[in-house]
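Chemist: Here it is, the structure in full.
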Amino acid sequence: MSALADAVSSTSTGEAVQFWILAVIAVAGALGTVLIRKAVHSALCLAGTMIVLAVFYLANGAYFLGIVQIVVYTGAIMMLFLFVVMLVGVTAADSLKETIKGQRVLAGLCVLGFGILLAAGIANASLHRFNGLGQANSSGNVQGLAALIFTKYVFAFELTGALLITAVVGAMVLTHRERTERAATQRERSEARVRAGTQVPPLPAPGVYARHNAVDVPGLLPDGTPSELTVSPTLRARGQVRDVSGEALAELAALEQRAQDRLESGRSEESAHGQGAAK
């Protein structure tokens, strides 16, 4: 019996290699979450750490926790955090502003308390012999997890649910913006556009009066000059706009004429050879 217990509690070489590789990635992601100044990059590091934790769950036989970790936390909650950060527009300068007095001291105390609880939990676990995955999943992984959640850890489960709901409501409050001035009507916008002297009618489509209607080909005005309004300013800044000036069109027409003459000469030679062979 003792040999079986030792075999269950021992760690194989593959498990040890997997742990040390993924543990380094998880710790690096956690440190990046705390130390990186950009909020979006910090959230991405936290998502990477959550994915590594899901792999740990799956490797230890907690299949339900591993799938929930990926689908719920990494796939839903972390993506919600990313969307909120992008909508609010948090920058490194905003993160340095302490809006609530004493929040850093309170955060330090919370980190200290969490560290003490974590160290106590690890020390308590190291003093007892593990039951093993076989006994924990004797009646099924999902059934055993449900029995623990709704009996022994029901209070922590409900408290976590309330915390997540509060976070969602807080995200909605942060993204909401009150309108400080009256919205302009369509008539007021059109009048302002006319007064500004900008292009009042719709912009001409790309390739108008040109040889084709590609987005990188500017349209031609009635006098044959290209119109700058028909191509995107982004393409123009990248230098991806094709030249459709009169000289370029003339060179293209000459090239097409030479190709047509060569094709006609080839056909005439073939017909001459055909007539000679018939005689």
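The values are calculated or read from the model by the stated rules, or taken from the named source; none is laboratory data. Predicted model only: the values in this text are computed from it and were never measured. All Cβ positions, glycine included, derive from the backbone under ideal geometry; neighbour counts span all protein chains shown. Note: accessible area is taken over every heavy atom of the protein model, side chains too, but ligands, DNA and RNA are not part of it. Shrake-Rupley method; radii C 1.70, N 1.55, O 1.52, S 1.80 Å.
Chemist: Take the Cβ-Cβ distance between Val194 and Val169 as r, set R0 to 51 Å, and report the resulting FRET efficiency rounded to the nearest 0.05.
Modeler: Values: r = 45 Å, r/R0 = 0.88.
That gives a FRET efficiency of 0.70.
Chemist: Can you pull the accessible area of Ser227 for me, 1.4 Å probe, Å² to the nearest 10?
Modeler: 10 Å²
Chemist: Rank Met79, Met86 by accessible area, highest first, at a 1.4 Å probe radius?
Modeler: Values: Met79 65, Met86 120 Å².
Largest accessible area first, the list is Met86, Met79.
Chemist: Separate question: Say each of Thr13 and Glu158 gets a label point 7 Å from the Cα, pointing the same way as Cα to Cβ; how far apart are those two points in nm?
Modeler: Placing both labels 7 Å beyond Cα along the Cβ direction yields 5.1 nm.
Chemist: Return the FRET efficiency for the residue pair Phe150, Phe64: r is the Cβ-Cβ distance, R0 is 22 Å, and the value is rounded to the nearest 0.05. Please report the intermediate quantities before stating the final value.
Modeler: Details: r = 14 Å, r/R0 = 0.63.
Rounded to the nearest 0.05, the efficiency is 0.95.
Chemist: Also, quick follow-up: On the full set of protein chains, 1.4 Å probe, figure out the accessible area of Ile116 and give it in Å² to the nearest 10.
Modeler: About 100 Å², ignoring ligands and nucleic acids.
Chemist: Right, another one. So if I take the centroid of the Cα atoms in segment 156-181 and the same for segment 22-92, what is the distance between those two points in Å?
Modeler: 19 Å
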